[in-house]
Amino acid sequence: MNAEIIAAGSELLTPARLDTNSLFLTARLNDLGIEVAAKAVVGDDVDRLSATIRDAMARSEVVLVSGGLGPTEDDVTREAAARALGRGLHFRQDICDAIEARFARMNRRMSEINRRQAYVIDGAEVLPNPNGTAPGLWIEEGARVIALLPGPPAELKPMFESECLPRLRRIAPPAVIRTLCYRVAGMPESDLDQLISPVYRQYSNPVTTILAAPGDIQIHLRARCGAEAEAEKLLEEVGRRIEERLGDKIYSRRGEPLEEVVGRRLRETGSTLSVAESCTGGMLAERITSVPGNSDYFIGGFLVYTNQMKTRILSVDPALLERHGAVSEAVAEAMACGARERTGSTFALSVTGVAGPAGGTEAKPVGTVVIGLAGPQQVRSWRSRFLGGRDRVRALSVQTALDLLRRALA
């Protein structure tokens, strides 16, 4: 069984608002084994919204529409759905009375325009909304259903849980959707796909999706089967073959970010960490401290952008800076050692580089980054050249530093 989700509201077409309802609805539909085949965001235009609903119902068995059930003129979801279904609207005095009573409980008088929320599409079931004034609607059209839900998440989520889920469970065929999410660091998307495409192309189920971000690739496997054991068996079969090809480049099999994986390993080994940053401006520390409970292993960090600060705070020898320059293996290692000595941490990471857009030379062009790692057994450094703008260079620097620490902790 397939579903489509339509978010109604012109505000969702602006950069200031994000449709988060569809993420919640997708997760809950997948729990029932219902695949979300398409999503759409449509402005407050009754003709366009009506056409979108009509097209969705021609393709999918379940259509969920969120938003546009308010009392104002730009709330056109009822009218659009009625037009798409070729049905009329009728006024329900009991709904109007309930809305008026809600206002009275807040010591407010109901505005006349709120009467619009008491109109119901012919043949629809009313979905009560104890958290707001806009009731939802459930409409069955042959073997297909459409549900109209309020836009505010605090109203949509409880309504979907209490009213829509029980109805969907009755009509959804037995099916489960299970997912497996690998995360990979340290290789380009094209190289990864060349390695694993001979595996996943042999399967139409599970479906494989590859998502790429700077220094981080996600591999999503989605198995849709009649029983959970069957889905898990498929995921295990395909996943095992992918793992054989990618090896230790896989840093997560549960979809968690790299900083969480590193943090967990630091905690497991009883290790601590400090950082020294020269070109990333605190981005490395921010990633590490974004994980709850990071104070178990993260001691602190240093921002040292000038040679004077590197010397004064981290005791980097001025002769090293003079001889090799700030962006060098020798200085990256000295920064890491200085951070480790100053904090007493088990490990220390350092980053120094030319993030751009200016500052590069022929020997050290923009994108040149050196990462240092000091630990109980050794001090090491790695030089890389990252292409792209300043933000991308800095993001890749942080991701690479975390992955180098992960490998050291393995």
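Taking LEU137 as the residue in question, decide whether it is touching a residue at least 24 places away in the same chain (Cβ under 8 Å), touching a Ser or Thr at 6+ places or on another chain (Cβ under 6 Å) and not in a loop (DSSP other than H, G, I, E, B).
When the stated conditions are applied, LEU137 does not pass them.
Restricting to segment 11-47, what's the tally of residues that are within 16 Å of PRO152 (Cβ to Cβ), touching a residue at least 60 places away in the same chain (Cβ under 8 Å) and polar (S, T, N, Q)?
Total meeting the criteria: 2.
So which residues in segment 161-203 are under 17 Å from VAL238 (Cα atoms) and small (Gly, Ala, Ser)?
Scanning segment 161-203 gives a single hit, SER197.
Can you tell me which residue among ARG240, ARG245, ARG170 is among the basic types (Lys, Arg) and either part of a loop (DSSP other than H, G, I, E, B) or under 30 Å from ASP19 (Cβ atoms) (or both)?
ARG170
Just a yes or no: is a residue in segment 385-397 in contact (Cβ under 8 Å) with a residue 40 or more places away in the chain and touching a helix residue (DSSP H, G or I) at 6+ places or on another chain (Cβ under 7 Å)?
yes
Out of GLY123, GLY151, which single residue is surrounded by 17 or more Cβ atoms within 10 Å (Cβ to Cβ), in a loop (DSSP other than H, G, I, E, B) and not polar (S, T, N, Q)?
Selected residue: GLY151, the only one of GLY123, GLY151 that is surrounded by 17 or more Cβ atoms within 10 Å (Cβ to Cβ), in a loop (DSSP other than H, G, I, E, B) and not polar (S, T, N, Q).
I'm told ARG224 meets every condition in (1) in a helix (DSSP H, G or I); (2) surrounded by 16 or more Cβ atoms within 10 Å (Cβ to Cβ); (3) among the basic types (Lys, Arg) except one. Can you identify the failing condition by its number?
(1)
Restricting attention to segment 12-51, and to residues there that are of a type in the set (S, T, N, Q) and surrounded by fewer than 17 Cβ atoms within 10 Å (Cβ to Cβ), which single residue is farthest from the chain's Cα centre (by Cα)?
Looking at the filtered set, the residue picked out is THR14.
Tally time: how many residues in segment 254-272 are within 27 Å of the chain's Cα centre (by Cα) and outside any loop (DSSP other than H, G, I, E, B)?
Residues in segment 254-272 being within 27 Å of the chain's Cα centre (by Cα) and outside any loop (DSSP other than H, G, I, E, B): 12 in total.
Where the second residue is at pLDDT 95 or above and outside any strand (DSSP E or B) and the first is at positive phi and lies in segment 77-94, which pairs have Cβ atoms under 7 Å and are six or more apart or on separate chains?
Partner pairs satisfying both residue conditions: none exist.
ARG254: modelled with pLDDT of 95 or more, out of contact with any Pro (no Cβ under 8 Å at 6 or more places or on another chain) and charged (D, E, K, R), yes or no?
It is false that ARG254 is modelled with pLDDT of 95 or more, out of contact with any Pro (no Cβ under 8 Å at 6 or more places or on another chain) and charged (D, E, K, R).
Among the candidates VAL316, VAL291, single out the residue that is assigned to a loop (DSSP other than H, G, I, E, B) and more than 16 Å from VAL370 (Cβ to Cβ).
When all the criteria are applied, what remains is VAL291.
Quick one: which residue in GLY68, GLY9 is in contact with a helix residue (DSSP H, G or I) (Cβ under 8 Å, 6 or more places away or on another chain) and surrounded by 19 or more Cβ atoms within 10 Å (Cβ to Cβ)?
Exactly one of GLY68, GLY9 is in contact with a helix residue (DSSP H, G or I) (Cβ under 8 Å, 6 or more places away or on another chain) and surrounded by 19 or more Cβ atoms within 10 Å (Cβ to Cβ), namely GLY68.
Inspect all residues belonging to segment 210-218 and state whether any of them is touching a Phe, Trp or Tyr at 6+ places or on another chain (Cβ under 8 Å), surrounded by fewer than 19 Cβ atoms within 10 Å (Cβ to Cβ) and under 19 Å from ILE250 (Cα atoms).
yes
Could you tell me which numbered condition SER162 fails, if it satisfies all but one of (1) touching a residue at least 60 places away in the same chain (Cβ under 8 Å); (2) surrounded by fewer than 20 Cβ atoms within 10 Å (Cβ to Cβ); (3) in the same structural domain as GLU125 (by TED's automatic domain parsing); (4) of a type outside the set (Lys, Arg)?
It is condition (1) that SER162 fails.
The values are calculated or read from the model by the stated rules, or taken from the named source; none is laboratory data. Quantities reported herein were computed from a predicted structural model and do not represent experimental measurements. Don't worry about glycine lacking a Cβ; one is built from the backbone with ideal geometry, like all the others, and counts go over all protein chains shown.
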